[in-house]
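Chemist: Structure incoming, see below.
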Amino acid sequence: MSTLSATSLWRDRQFRTFWSAQTVSEFGDRITELALPLMAVTMLSASPSQIGFLTAAVWLPSLASLFIGSWVDQRRDKKPLMIGADLARTILLLTLPVAYWFDLLTLSQLYVIAILAGTAGVVFGTAYASFFVRLVGRDQFLEANSKLSATRSISFMGGPAVGGVLVQWLTAPVAIVVDALSFVFSAIRISRLDVPPGEADETPEPLLTRARSGMRYLLRHPYLRRSLGCATTVNFFNLIGMALLVLFASRDLGLSAGTIGLAFGIGSSGGLLGAVSAAPLSRIFGAGRVIAAGTVIFPGAMAFVLLAQGPTFVRAAALSAGMFVATFAVMCFDVPLNSLQAAVTHDHMRSRVAGAFSSINYGIRPLGAVVGGFLGTWIGVRETLLVSAAGGLLAVLWLVGSPIIRTRELTGLEPPDL
């Protein structure tokens with residue numbers, strides 16, 4: 001584990017290596033997040049419900065996160081799992097442009113690849129939960145999450161713009177090749193890290209028993225239980241709208257792929273501002289209050305998108321404004337909440353808890369995407385976005401009376417005994 005002080009992460013070669021891997025991979029992800037639905041819409045004439053199913057397929061593997069995380073917890077060295085997950089996603093994504101070039105691309109293939117690549121992503125994410133606390137010190141959690149979130153936000157700025165240009169000039173399959181190569185870069189960089197493996201939880205329990213203990217720990221934990229309810233509510237209603245946002249921008253607002261990517265990129269600059277502001281705002285107002293504010297502002301930002309009308313530049317500007325406010329707020333929600341969760345989770349439970357958390361928090365996303373697809377067909381895309389915005393505001397109710405909203409600093413927090 002790094003022993004440098006929290007102010008010296010810039011000089012920590014280990015962290016910088018991991019940071020570069022995540023940055024490039026995040027950029028690739030942003031390109032595919034735009035290219036995949038555009039491939040379905042423009043090349044396969046997908047309907048709103050089919051787009052909803054495609055988005056659901058991306059998040060469907062999260063339902064298995066609890067069991068995957070329980071299996072990962074038994075592995076002492078998490079690095080090989082992360083490298084393998086990156087390489088698996090590379091191979092899977094490359095099958096899409098190959099199928100396109102041989103005129104074999106179908107919606108069914110998009111669904112299958114989305115599910116398999118999502119499964120590899122779950123393996124990476126549950127392994128990362130344990131790997132992260134070996135990479136940086138406890139007093140570095142907030143700063144490290146802030147830096148990683150900042151570059152993730154930059155990827156939201158540049159990734160969609162680059163993706164939009166690639167899709168418009170070179171087609172969506174070529175754009176997906178870029179994402180596949182980004183995973184190769186990530187695998188190479190992670191392989192160069194010299195992070196000592198942690199202790200594996202070697203209790204002789206069957207997988208199902210381990211999974212149950214992880215879920216029980218999560219649901220009984222005073223901090224994790226409330227954060228789970230809050231994040232799950234946000235994710236459900238957010239996916240109702242996000243499943244149709246590219247479709248809305250393309251068909252209802254009449255924006256081109258390049259304009260959509262540019263609008264998303266400009267709007268996502270709010271995420272960068274939020275990522276670098278989350279830590280100082282948490283120190284000034286308290287981590288809990290910043291989390292609560294982000295919970296309210298994030299879903300409410302959809303109102304800007306719904307007001308989009310008039311000339312093309314006005315419609316694009318409204319889309320950017322909504323993205324700016326939403327991404328700023330979600331960073332103020334994510335950075336302190338992720339750091340708080342890392343501080344209050346026992347070492348032997350990290351991957352299991354990450355898996356259990358993702359099973360519910362991310363597992364609700366396929367349902368939200370499917371509901372969004374059906375609502376878009378039934379009541380209209382614009383009306384569905386309004387449901388998404390209004391429903392997301394309910395998430396803050398989970399924080400009322402919780403220890404989270406009363407938390408000011410993370411340094412005094414300790415995980416409960418097993």
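Chemist: On a 0 to 90 degree scale, rounded to 10, what angle separates helix 312-344 from the longest Cα axis of the chain?
Modeler: Here the helix axis deviates by roughly 10 degrees.
Chemist: Please work out how much accessible surface T42 shows to a 1.4 Å probe, ignoring ligands, DNA and RNA, in Å² rounded to 10.
Modeler: So the heavy atoms of T42 present about 90 Å² to solvent.
Chemist: Next question. At 1.4 Å probe size, with the rest of the protein present, what percent of the exposed accessible area of the stretch 261-353 is carbon and sulfur atoms? Please list the in-between numbers first.
Modeler: Working: 2400 of 3210 Å².
It is 75 percent, rounded to a whole number.
Chemist: Quick one: grab the alpha carbon gyration tensor of the stretch 324-418, order the square roots of its eigenvalues as a ≥ b ≥ c, and give me rounded if a/c is under 1.5, else prolate or oblate depending on whether a/b is larger than b/c. Before the final figure, lay out the partial values.
Modeler: Numbers: a/c = 2.85, a/b = 1.85, b/c = 1.54.
In terms of gyration-tensor shape, prolate.
Chemist: Once the whole set of protein chains is in place, how much accessible area is left on E409, using a 1.4 Å probe, in Å² to the nearest 10?
Modeler: 130 Å²
Chemist: While we're looking at this one, here's another question. Can you tell me the orientation of helix 364-378 relative to the chain, as the angle in degrees between its alpha-carbon axis and the longest Cα principal axis, to the nearest 10?
Modeler: 20 degrees
Chemist: Follow-up question, since we're still on this one. Looking at the square roots a ≥ b ≥ c of the eigenvalues of the Cα gyration tensor of the stretch 35-111, which shape do they give, rounded for a/c under 1.5, prolate if a/b is larger than b/c, or oblate? Intermediate values should be presented prior to the final figure.
Modeler: On the way: a/c = 3.97, a/b = 1.79, b/c = 2.21.
The shape class here is oblate.
Chemist: If you roll a 1.4 Å probe over the heavy atoms of the protein chains, what accessible area per residue do you get for the stretch 7-141, in Å²?
Modeler: Details: 5410 Å² over 135 residues.
Per-residue value: 40 Å².
Chemist: Now, a different point. Report D for the stretch 239-305 in µm² per second (integer): Stokes-Einstein, Kirkwood Rh on Cα pairs, 4 °C, 1.567 mPa s. Can you show the working numbers first?
Modeler: Details: Rh = 13.8 Å.
Rounded, D is 94 µm²/s.
Chemist: Let me cross-check R134: its accessible surface, 1.4 Å probe, with only protein heavy atoms counted, in Å² to the nearest 10?
Modeler: 70 Å²
Chemist: Picking from V112, V353, V296, which is most flexible by a Gaussian network model of the chain using Cα springs under 10 Å?
Modeler: Of the options given, V112 has the highest mean-square fluctuation.
Chemist: Oh, and also: Can you give me the % of accessible surface on the stretch 34-167 that is carbon or sulfur? Probe 1.4 Å, all protein chains present, nothing else counted. Don't skip to the answer; put the middle values down first.
Modeler: Numbers: 3490 of 4910 Å².
Within the stretch 34-167, the accessible surface is 71 percent carbon and sulfur.
Chemist: Rounded to the nearest 10 degrees, what's the angle between the helix 13-38 long axis and the longest principal axis of the chain, both from Cα atoms, 0 to 90?
Modeler: The angle comes out at about 30 degrees.
Chemist: By accessible area of protein heavy atoms, probe 1.4 Å, what ranking do D334, D347, D77, D12 get, highest first?
Modeler: Numbers: D334 40, D347 95, D77 60, D12 10 Å².
Ranked list, largest accessible area first: D347, D77, D334, D12.
Chemist: Restricting to DSSP H runs of at least four residues, report the calculated mean residue ellipticity at 222 nm for the chain, -39500 (n - 2.57) per run over all residues, nearest 500 deg cm²/dmol. Don't jump to the answer; show the numbers that get you there.
Modeler: Numbers: 17 runs with 308 residues, N = 418.
For the chain, the value works out to -25000 deg cm²/dmol.
Chemist: A follow-up question, please. Of M215, M323, M331, which is the most mobile in a GNM of the chain whose springs link Cα atoms less than 10 angstrom apart?
Modeler: Per the Cα network of the chain with a 10 Å cutoff, M215 tops the list.
The values are calculated or read from the model by the stated rules, or taken from the named source; none is laboratory data. This structure is a prediction, so every number in the text was calculated from the model and none was measured. What goes into the accessible areas is simple: the full protein's heavy atoms, side chains included, and nothing from ligands, DNA or RNA. Shrake-Rupley method; radii C 1.70, N 1.55, O 1.52, S 1.80 Å.
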